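Participant: Structure in structure tokens, see below.
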Amino acid sequence: MVEPLEPMEPEAGSLGPEPIVSVRGLTKRYGSLYAVRDLDLDVPRGATYGLIGPNGAGKTTTMSILASLLRP
């Protein structure tokens with residue numbers, strides 16, 4: 001049986017726990033075409049996020065990079 005993680009308590013004087021995902025300036029190019037350009041993203045622990053947008057917006061590319069399937 002897997003035990004759930006206990007919520008992190010913020011340190012005194014901080015604004016909250018560290019984000020579980022933190023990305024700054026993520027960029028992926030295919031030649032001269034930008035699939036993702038300068039993405040900044042913070043996802044706090046316990047939050048649910050979704051990537052939405054039209055086809056070709058870079059959603060799959062972003063998730064593939066975050067999952068380390070593609071190099072940025």
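Participant: Say each of residue 41 and residue 60 gets a label point 7 Å from the Cα, pointing the same way as Cα to Cβ; how far apart are those two points in nm?
Facilitator: If labels sit at residue 41 and residue 60, their model points lie 1.5 nm apart.
Participant: Could you tell me the accessible area of residue 22 in Å² (1.4 Å probe, neighbours in place), rounded to the nearest ten?
Facilitator: In the full protein context, residue 22 sits at about 80 Å².
Participant: What distance in nm separates the two pseudo spin-label positions at residue 71 and residue 30, each 7 Å out from Cα along the beta-carbon direction?
Facilitator: Once both label points are built, they end up 1.8 nm from each other.
The values are calculated or read from the model by the stated rules, or taken from the named source; none is laboratory data. None of the values given here were measured: they were computed from a predicted structure. Reconstructed Cβ throughout: ideal geometry from the backbone, glycine too, with neighbour counts over all protein chains shown. Surface areas here come from the heavy atoms of the whole protein model, side chains and all, with no ligands, DNA or RNA. Shrake-Rupley method; radii C 1.70, N 1.55, O 1.52, S 1.80 Å.
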